[in-house]
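Worksheet: the structure to be examined is printed underneath.
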Amino acid sequence: QAKALIVLCFLCIGSYVYHGNKRAATADAPPIDISIDTIGGNANTDTNADIDAEPDTMMYPYEELRQKAKRVFALHPDNEFVPKIAWLMSFPNSGTSFTMILTARLTERAIASNYGEEVTTREMGDTLSIYPRRPEGPFWSGMSGLLTTPRPLPDTYVLTKTHCGSRCMDCPPREYVETAESFLRRCASGYRRKMFGGDKQNWRRIDVEYPSERVHKAIHLIRNPMHNAIARFHLDYRNRQKSHSADIRAFTKKYKQDKRGFRAWCRDLDGRYASENERYFSSSRSSSQSQSAVSWDVMKDVPCHTEFFKWTQWHNLAHESIGLIEKEHHEVPVLTVYYEDYVSRYNETVDSIVDFLEQEKVGTLRDFQVRSNYDGYYDSEHVGQIRAMVEAISNDNTWEKVKHYFQ
């Protein structure tokens, strides 16, 4: 009995010392959030999974990676927000997917997105945040290797996709005219998928938002506005085909994927909200809600005028929203990248992106292929009207960066 008592005392002392040291090592760290349990259990992917079809190179057992993540965080609480967020700010169809995948392949480091559904599937359960204790994201591709080549997160800046706001396609002005404050919140907003009851088929989408001060750099991606509008038309076309909507046959019959179909699409899009647009942009309300003010007289004869308003306002607000972070928190260096530079200055553009993210080129540089020819979609009169409208709406910063498209 005496021996048993001595052994029991040693066990108690050892347990006390172990847990005491453990508490001391993690005294400054908040409790581990349950979201850390998702590490290694998901296989997230890039925006376009089929593009990145390279073979898997690594597999990490779920339990091993989960425990490793807990140990690392417990020992290094100051590293919670590593890597830092570098936004890829882009109006839709500006070359976002190409830029993201190019960066991942060239650096062999993961990329991230505000939109959790883009980096996981229904079968994979919860989305995976780049910050284990912060389920609001951004979200990354994980290390399971089930859909894409697994790549670790960088230890510098992670390129993070955001489309911000002012980008709805078939909508009235009250849904896309924004202020810099509302636009900034949407830049930091997205959604995640949450699984319930351990059933991968039982999930729901949850809107999330993280503090914009977590952003420390931004890449501002710009594309020719006239080509951007055409690309949006093709996006609408593809989305309707994917959704198998009842009106797809009527839509494809009415709008062929050519310049005639595009012009018909623009006419109908402008006409659908003509009365609301005229009332809105003829009133003083538009200038009070947005610095991208414009009179209806400048807009009304421009083909796809609502698309060009959204495009111009979007780039205005991209500058202004970064200014808000800098005013209230810290400096945010911005790199401007033009979609067209992938054609004319490919190597230099790629180098500037990698250097800006403070990463290294270790992968293979792949060619950029222009897949569309948009010659003839606009006549000279259209171009003049679009130029006048974009110049009227643009702030000084935006016009300086986009005026070469009209020269």
Number of the condition not met by GLY116 [criteria: (1) more than 26 Å from ALA229 (Cβ to Cβ); (2) open to solvent by 10 Å² or more (accessible area, probe 1.4 Å)]: (2)
In segment 232-272, the residues that are modelled with pLDDT of 85 or more, open to solvent by 100 Å² or more (accessible area, probe 1.4 Å) and hydrophobic (A, V, I, L, M, F, W, C): none
The lone exception for VAL343 - which of (1) part of a helix (DSSP H, G or I); (2) at pLDDT 95 or above it fails: (2)
Any hit, segment 258-272, residues being under 29 Å from TRP399 (Cα atoms), in contact (Cβ under 8 Å) with a residue 24 or more places away in the chain and in contact with a Ser or Thr (Cβ under 8 Å, 6 or more places away or on another chain): yes
Residue in segment 157-175 that is modelled with pLDDT of 95 or more, among the hydroxyl-bearing types (Ser, Thr, Tyr), surrounded by fewer than 24 Cβ atoms within 10 Å (Cβ to Cβ) and more than 26 Å from ARG240 (Cβ to Cβ) present: yes
Every residue from segment 134-143 that is modelled with pLDDT under 90 and surrounded by fewer than 23 Cβ atoms within 10 Å (Cβ to Cβ): MET143
Pick from segment 284-318, criterion assigned to a helix (DSSP H, G or I) and of a type in the set (Asp, Glu), ranking: modelled with the highest pLDDT: GLU307
Matching residues in segment 319-365 - criterion: being over 16 Å from MET100 (Cβ atoms) and among the small types (Gly, Ala, Ser): SER321, GLY323, SER344
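Answer yes if at least one residue in segment 189-211 is among the hydroxyl-bearing types (Ser, Thr, Tyr) and free of Cβ contacts under 8 Å to residues at least 60 places away in the same chain, and no otherwise. If you could, list the steps in order and put the result at the bottom.
Within segment 189-211, the subset among the hydroxyl-bearing types (Ser, Thr, Tyr) is 189, 191, 210.
Among the residues that remain, those that are also free of Cβ contacts under 8 Å to residues at least 60 places away in the same chain are: none.
No - not one qualifying residue is present in segment 189-211.
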Test: residue in segment 398-405 that is on the phi < 0 side of the Ramachandran plot, more than 27 Å from the chain's Cα centre (by Cα) and of a type in the set (Lys, Arg): no
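The values are calculated or read from the model by the stated rules, or taken from the named source; none is laboratory data. On a predicted model such as this, the values are computed, not experimentally measured, just so you know. As a convention, Cβ positions derive from the backbone with ideal geometry for all residues, glycine included, and neighbour counts pool all protein chains shown. In case anyone asks, the SASA skips ligands and DNA or RNA and just uses the protein heavy atoms, side chains included. Shrake-Rupley method; radii C 1.70, N 1.55, O 1.52, S 1.80 Å.
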